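This report concerns only the one structure given below.
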Amino acid sequence: MSSFKKRVQTSQTKLPQGTRLSPYNGQLLISTGVPSLDDILGGGIPIGSVLLIKEDRHTEYAKLLLKYFLVQGIVSENHVLFSTLEEEDSKNFMMGLPWLVNENDDNNDDDENITPESEEKMIIAWRYKGLKKFESSVKNKSNIQNKILNDTIGTKSQQNIEKPFCSTFDLTKSIPQNIILENKLMTLINLSEKNDEIIENFNPYNTLLNTIRKVIEENHFSSLSKPSLNVERNVLRIGIHSIASPSWQSKSSHDLFVFLHTLRGLLRFSFGAAVITIPAYLYTSSSSETSSFVRRIEHMCDAVVEVESFAGSPANTNAIYSATYHGLFHVHKLPTLNSLVPSSAKLSVLSGGGGNNLGFKLRRKKFTIETFHLPPEGGINERRVSEKDQTNKSKKKDDKNKNKSGIGVSGSGCGTIPGRKVDPYDF
C-alpha cells in the first residue's frame, strides 16, 4: 500500500463578523467606528486589549468616541456590554447612538462642498500638476453597504450579509429604538440602581467584573474553550463611561487597579476588547503635570489617547487654527500585542510613525481626526506680499508696457538708438 496521501485543502477558519487580520503581525482587529482612529491604532483595536480615552474638562468628545465604538458593534452584530454610573441611564445612553448613512444622503459637510471652480486657481510648476492631492485625513468608504444594512437590519436576511469592518455613521441620525429594545446581543449594566440599595461594602468594580466574567463564560467568548460546531465565534465589545469618577464612590484607589488588571487578564484569553473613558483632569494638579495615579492607570491599559479641546483655552480659541480644528488629539500609548513595535509605526498614514501632530474636527454629521497643519499666514484667501516685492512687480509691469508701445529703453547695447524699437539682436 502506498504511503503517499492526497493533499486535501483544509477549510479555513472563518473570522468573526466585523473583524479582520492585521497585515503587520496577524493580530485580529475590530473597528472603533472612526476610520481615522483605526488608522492611528494601526488598523483597529486588537482583540484582547483595553483602550483608555482621557476625557476633556469642558466637552464630551470622549463620550462621542465611545458611542462610535458601541454602534459599530451593533451594526457588526457583536455582543455589546455597556456600563456607567453617571446620571444618564445606560438605556438612554444607547438610545443616543448615531446611525448609518444611506447611499442617497449627502454626507459632505460645509467645508467639503467647496468646488474647485469656486476657488482661485493656483499656478504651480508643470511637474507637480500630475501628482496626487495631499490628504490630511482618512476618507470613509462608499455608503452602498450602509444602505444594504439599513434595509435588512433586524430581518432574517441580514444573517447572510457580510458585515463591513467599519461603517459610516451620521451624527444627525439616531439609532432606531426597536434595535435597542429587541437586540439580544446587548448587556446593559446599571450600577446606579444597585448602588442605591442599602448594601454594606458595595463595590461597583467587583460587581461589574463579575458580570463581565459571567458574560464571557455563558457566551463562549473565552479562547480557551471550544464552541459547539453550529455556533460561530463572536466578539464582545465592552464600553465603560467615566470610570473612576466621583459617582463610583470607591473607598480606595486600589479597587480600580485590581479591576483593570483583572479585566486585562480576562480579555487576553477572550474574543473581546474594551474602551474605557476616564476624567483624568480630576487627578491632575495642572495642565502640564500628570499624577502618579493616572500614570499607573495608563500602564495597565494597552492603548491611551487623549482629547484636548480648544473650548477651555482662550489662547487657542482666538488662534487662527481654531476655525479649522476643534482641538488636539494626543496619543500617549499604542497597542503592542504580539510585537515589540506598534503596528501603527508601519501602517499609519496620519501619525507618520508618531512624528505628526494630530487635530480633530466635529462637523454636523461626523467626527474626524486629521494631521494638524497651521493655516497660511494671513488666512487662506489673503496672501501677504512685502512692499519691496510689490514695487519691483509694478516696475516690471511699467517696463513691459513701454516695450509694447514701441518706446525703447536707453541701453548700452551696440547699435541701440533712443526712440526706436529695441532690436532683439542688440547686445
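Suppose the filter is modelled with pLDDT under 95, open to solvent by 80 Å² or more (accessible area, probe 1.4 Å) and either within 21 Å of Gly18 (Cα to Cα) or among the aliphatic types (A, V, I, L, M) (or both); does Lys184 pass it? Considered against the rule, which asks whether it is modelled with pLDDT under 95, open to solvent by 80 Å² or more (accessible area, probe 1.4 Å) and either within 21 Å of Gly18 (Cα to Cα) or among the aliphatic types (A, V, I, L, M) (or both), Lys184 comes out as yes. Mind checking which residues of the range 292-314 are open to solvent by less than 40 Å² (accessible area, probe 1.4 Å) and among the aliphatic types (A, V, I, L, M)? Result: Val294, Ile297, Met300, Ala303, Val304, Val305, Val307. Annotation for the range 211-226: no member residue is over 28 Å from the mean Cα position of the chain (by Cα), more than 24 Å from Leu267 (Cα to Cα) and modelled with pLDDT of 75 or more.
Of everything listed in (1) open to solvent by 50 Å² or more (accessible area, probe 1.4 Å); (2) at pLDDT 60 or above; (3) more than 14 Å from the chain's Cα centre (by Cα), the single unmet condition for Ser386 is (2). Taking only the range 30-60 into account, find how many residues are buried (at least 23 other Cβ atoms within 10 Å of the Cβ) and without any contact (Cβ under 8 Å) to a residue 40 or more places away in the chain. Number satisfying all stated conditions: 0. Taking each residue of the range 5-22 that is modelled with pLDDT under 85 and outside any loop (DSSP other than H, G, I, E, B) and looking for partners that are open to solvent by 100 Å² or more (accessible area, probe 1.4 Å) and not hydroxyl-bearing (Ser, Thr, Tyr) with beta-carbon atoms closer than 9 Å, six or more apart or interchain, yields nothing. Selection of the range 87-101 for residues being open to solvent by 10 Å² or more (accessible area, probe 1.4 Å) and within 16 Å of Leu64 (Cβ to Cβ) yields Glu88, Asn92, Met95, Gly96, Trp99. Considering only residues in the range 256-286 that are under 23 Å from the mean Cα position of the chain (by Cα) and among the hydroxyl-bearing types (Ser, Thr, Tyr), the one that is surrounded by the most Cβ atoms within 10 Å (Cβ to Cβ) turns out to be Thr277.
Only residues that are without any contact (Cβ under 8 Å) to a residue 24 or more places away in the chain and open to solvent by less than 40 Å² (accessible area, probe 1.4 Å) were counted in the range 203-224, giving 1. Looking only at residues of the range 227-259 that are more than 26 Å from Ala62 (Cβ to Cβ) and touching a Pro at 6+ places or on another chain (Cβ under 9 Å), we find that the one that is modelled with the lowest pLDDT is Glu232. Please tell me if Asn206 is of a type in the set (S, T, N, Q), assigned to a helix (DSSP H, G or I) and more than 20 Å from Ile47 (Cβ to Cβ). When the stated conditions are applied, Asn206 passes them.
Conditions tested, residue by residue: (1) at pLDDT 85 or above; (2) open to solvent by 40 Å² or more (accessible area, probe 1.4 Å); (3) closer than 30 Å to Val101 by Cβ; (4) out of contact with any Leu (no Cβ under 9 Å at 6 or more places or on another chain).
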position	(1), (2), (3), (4)
Asn316	no, no, no, no
Gly327	yes, no, yes, no
Ser343	yes, no, yes, no
Gly353	no, yes, no, yes
Asn356	yes, yes, yes, no
Leu362	yes, yes, yes, no
Thr391	no, yes, no, yes
Lys400	no, yes, no, yes
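Which of (1) open to solvent by less than 80 Å² (accessible area, probe 1.4 Å); (2) at pLDDT 70 or above does Gly413 not meet, given it meets every other one? The number of the failed condition is (2). Take Val331 and decide whether it is of a type in the set (A, V, I, L, M, F, W, C), open to solvent by 30 Å² or more (accessible area, probe 1.4 Å) and touching a strand residue (DSSP E or B) at 6+ places or on another chain (Cβ under 6 Å). Criteria met by Val331. Pairs meeting the criteria (first residue in the range 346-367 and more than 14 Å from Val305 (Cα to Cα), second residue aromatic (Phe, Trp, Tyr) and assigned to a loop (DSSP other than H, G, I, E, B), beta carbons under 9 Å, at least 6 apart or on different chains) are Lys346/Tyr24; Leu347/Tyr24; Asn356/Phe372; Lys361/Tyr325. Flag: Glu289 matches the condition of being loosely packed, with under 14 Cβ neighbours inside 10 Å, of a type in the set (D, E, K, R), modelled with pLDDT under 90 and within 26 Å of the chain's Cα centre (by Cα).
The values are calculated or read from the model by the stated rules, or taken from the named source; none is laboratory data. As the structure is a prediction and not an experimental result, all values here were calculated from the model. Here Cβ is always computed from backbone atoms with ideal geometry, including for glycine, and neighbour counts include all displayed protein chains. These accessible areas exclude ligands, DNA and RNA; they are computed on the full protein's heavy atoms, side chains included. Shrake-Rupley method; radii C 1.70, N 1.55, O 1.52, S 1.80 Å.
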